[in-house]
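Quick notes on the structure that follows.
The values are calculated or read from the model by the stated rules, or taken from the named source; none is laboratory data. Keep in mind it's a predicted model, so treat the numbers as computed, not measured. As a convention, Cβ positions derive from the backbone with ideal geometry for all residues, glycine included, and neighbour counts pool all protein chains shown.
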Amino acid sequence: MEPLRVAVVGASGYTGAEFLRLARLHPALSLTRLCAESKAGLPLSEVLPPFHGIDLPPLVRFDAADVAAHADFAVLGLPHGAAQDATAELLAAGVRVVDMSADHRFSDPDEFARIYGPHRHPANLAETVYGLPELNRERLRTTRLAGCAGCYPTSVVLAVTPALEADLLATREVIADSKSGVSGAGRTPGAGTHFPETAEGLHAYKTFDHRHAPEISRALGGLKVRFTPHLVPMNRGILSTVYLRLRSGIDLATVRAAYERRYAHEPFVRVLPAAVHPDTRHVRGSNLCHLGLFVEDDLLCVQTVIDNLTKGAAGQALQCLNLMAGLPETTGLDHTALFP
């Protein structure tokens, strides 16, 4: 087959670098343009030392016409807000887009505006498909624009979906306690992610007021989401502990059967054996989600772990890209986690 020509816009950040790492393992993907606005002209190895000695295109400034001349798809690792104009230019030039930012996760401009402010290209939201393949696989195959699910939402939505779809819940409320590594804040330095501010500590932030809560609620059909994120002094990984009230008479065996049935054919979601707690170390660098189930009385506790840079961003983007390109969605992603 012809190589899949792909540009990465925002190649110098954590999610862009993670996509480059994964793309090099992809047998049908050709990286044709690497755009990094502030780093344009610098050697790739100076910006991303792990790629020293590896033959990849140089870092250049973003130009939609140039990308369109050399690529059929563009994966965007831009900061939130910066992807809106780039996406509009790329779509107009005939390039299909996978956006890893939050700029295209909502199809309703009014809903987007309530959370992030007015969208500069609201018409594009009407055609975006929420980039969580476990929910929207068939729609992703035909879309021009995928807005990849957020890292926290991926971990929570995968925890809740089987119970919701199997009608196991007594209430339409989700309580989610999530903990993330510092790389989720991006590569740009800031006081909140500075080493002395995060090492040897653990803290919550934006309790009941995080922008990912509406995204989770929308993906789950409007469930009330009470979400508290925490910052953990580690590089990678998310652990979400999610609490759900079960209908009368629902036991652990029923819950387990529903989850195993729902995820039996999902290549990247693994329901762990009884009483096994998931660990972020066991999914590091992979596109996997490990899921543990626990029930006491009418309370279901679902624990999920993902790598926030992989299944929470770049791996998810590649999974979406595979579907959009008509390839098996596991292509370039079927590898185990780094261990230890």
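Here are the numbers for this structure:
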read-out	value
Matching strands (runs of 3 or more DSSP E) fully within segment 219-304 where at least 3 residues are over 20 Å from the mean Cα position of the chain (by Cα) and among the hydrophobic types (A, V, I, L, M, F, W, C)	289-296
Test: residue 330 is at pLDDT 95 or above and in contact with a Pro (Cβ under 6 Å, 6 or more places away or on another chain)	yes
Search result, residues across segment 12-26 that are part of a loop (DSSP other than H, G, I, E, B) and at pLDDT below 95	12, 13, 24, 25
Qualifying residue in segment 158-170 (condition: within 22 Å of the chain's Cα centre (by Cα) and surrounded by fewer than 18 Cβ atoms within 10 Å (Cβ to Cβ))	yes
Selected residue (only one of 156, 174 is part of a helix (DSSP H, G or I), in contact with a strand residue (DSSP E or B) (Cβ under 8 Å, 6 or more places away or on another chain) and either touching a residue at least 12 places away in the same chain (Cβ under 8 Å) or not assigned by TED's automatic domain parsing to the domain that holds residue 119 (or both))	156
Scope segment 285-304; condition crowded, with 24+ Cβ neighbours inside 10 Å and either over 30 Å from residue 170 (Cα atoms) or touching a Cys at 6+ places or on another chain (Cβ under 7 Å) (or both); matching residues	287, 304
In segment 122-139, residue surrounded by the most Cβ atoms within 10 Å (Cβ to Cβ) [restricted to those that are in contact (Cβ under 8 Å) with a residue 24 or more places away in the chain and closer than 17 Å to residue 268 by Cα]	131
